[in-house]
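Before any comments, here is the structure.
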Amino acid sequence: MHLVSSDIMARLKKAQLSEIHLPKYLQLFEVILQLIDEGVLKPGDRLPPESVLAKHLPVSLGTIQKALATLSELGVVSRRQRNGTIITERTDEIHDLWQFRFIDEDAKTVLPVFSKVTAIERARERGPWCEFLGDDDLVKISREIDVDHRFKAINAFYLSYSQFGAILDISPAELEGVHIHAVIRRKFNVPTVRTSNRIVCTVIPDRICLQLNLPSAARGLECHILGFGPRDRPLMFQQVFIPVDVRPLEFREIRPNSGLTY
């Protein structure tokens, strides 16, 4: 456990050198996700007690509790009294759509979200992602999103080819069940400092209707998640199409020095 704590502390200190505007609890949150993606932390591993982490890490106990609570909310860890914080079994559930979440009718249960990467390719179509990223040459990661096996959504993730073209060399399987923001941060040393969300009710394109088994010209929600990196530079653009008749949806944003807001 001491080694795990030391590794987290080293990663957090390194992150703070260049990411002073990223809320501390999100720094810790992403560091733990990276350690899981890299296999340093494995399913069943128990994190040190919160008091031990607070003693060794340059953050407050409240910051640690907020980071662990966010990880628990996403199903990355399990937190139980007397048992501590344990890394859960890895599935194909994704944790990078945490800017919004689907909740059940009781407004308390967060539905798990699973993904299947269908393509990693050079983007062929123009759209608002080009204007936002200031580039026409982009990489596109396409995913089919399964919300608790109840309904599906379609997600496209756009990145600048000149900066992130190497992601084309990654197999689709490597991006399933991982935190894409953490992958980009680890491989390219570029964090997501803040996000801005937009949502409109629109006519879903026919190609998306086919994927969602909807009739032509069906209406639905089109969500845009704009990711910004250091110095508030545009970093990534996510587009999500969601059928209109689905479970309640909660939106959250990352804001500098304040964390996730509802």
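Things worth noting here:
- Selection over segment 77-102 of residues that are part of a loop (DSSP other than H, G, I, E, B) and either at pLDDT below 80 or loosely packed, with under 15 Cβ neighbours inside 10 Å (or both) gives a count of 13.
- So ARG207, is it modelled with pLDDT under 95, over 16 Å from ASP37 (Cβ atoms) and surrounded by fewer than 14 Cβ atoms within 10 Å (Cβ to Cβ): yes
The values are calculated or read from the model by the stated rules, or taken from the named source; none is laboratory data. Everything numeric in this text was worked out from a predicted model, so none of it was measured. Glycine gets a Cβ as well: all are built from the backbone with ideal geometry, and neighbour counts include every protein chain shown.
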